[in-house]
Amino acid sequence: MDKPWNRHYTGEVPGFLSYQASPIDHFLRESAESFPDRPALIFEGARISYRSLDALVDSCAAGLHKLGVRKGDRVALLLPNCPHMVISFYGIFRLGAI
C-alpha cells in the first residue's frame with residue numbers, strides 16, 4: 001500500500017507493519033504474566049501492579065456480566081482520568097463488550 005506519507009520515510013522504515021490481531025486486554029494479561037509486580041498504574045502516589053490491575057479487570061468484567069452486560073453490548077464510560085477508568089476500559093473489552 002503506497003500512502004503519501006511513505007515518501008517521507010527513510011529506507012529502513014517500512015511503510016506497513018503486519019502484526020497479529022489480538023484483543024486489547026490480551027496485552028494487559030501478557031504484562032501481568034511477565035511483570036506481575038511492576039507498577040502498571042501510578043495515581044496520586046498509589047501504585048497498582050500489573051497482577052493487581054489484571055485481577056481488578058477480571059472483577060470488573062464479572063461485575064458487568066452480573067449486571068447483564070454481554071459480548072457485543074455497547075458500554076459508555078464517563079469517568080475522569082483515574083484507575084477506575086483504566087479498570088473499566090479493560091473490563092469492558094475482557095467481557096467482549098464494546
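Computed values, structure above
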read-out: MRE, 222 nm, helices only [DSSP H, n ≥ 4, -39500 (n - 2.57), over the chain, to nearest 500]; value: -13500 deg cm²/dmol
read-out: In Hz, Karplus ³J(HN,Hα) per residue of the range 72-80 (6.51, -1.76, 1.60; θ = phi - 60°; x = Gly, Pro); value: x, 5, 8, 10, 9, 10, 10, 10, x
read-out: Hz values of 3J(HN,Hα) by residue in the range 48-65 - Karplus curve (6.51, -1.76, 1.60), Gly and Pro given as x; value: 10, 6, 4, 4, 5, 4, 4, 5, 5, 5, 4, 5, 5, 4, 5, x, 5, 5
read-out: Of 75, 13, 86, the one that fluctuates the most in a GNM where the chain has Cα springs shorter than 10 Å; value: 13
read-out: Choice from 39, 83, 14 showing the highest fluctuation, given a GNM over the chain with Cα pairs closer than 10 Å; value: 14
read-out: Karplus 3J(HN,Hα) series, Hz, for the range 16-25 with 6.51 cos²θ - 1.76 cosθ + 1.60 (x for Gly, Pro); value: 8, 10, 10, 8, 6, 6, 9, x, 4, 6
read-out: Reciprocal mean inverse distance between Cα atoms of the range 21-95 - Kirkwood radius, Å; value: 12.8
read-out: Of 40, 55, 21, the one that fluctuates the most in a GNM where the chain has Cα springs shorter than 10 Å; value: 21
read-out: Inter-centroid distance (Cα atoms) of the range 1-25 relative to the range 37-98, Å; value: 30
read-out: Distant-in-sequence amide H partners of residue 41 (H built 1.01 Å from N, under 5 Å); value: 48
read-out: Counted charge near residue 50, where neighbours are those whose Cβ lies closer than 11 Å (Asp, Glu -1; Lys, Arg +1); value: 0
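A short reminder: the numbers here are calculations on the coordinates, not readings from a lab. Treat the numbers as computed from the prediction; the structure is a model and nothing was measured. Every residue, glycine as well, gets a Cβ built from its backbone with ideal geometry; the counts of neighbours run over all protein chains shown.
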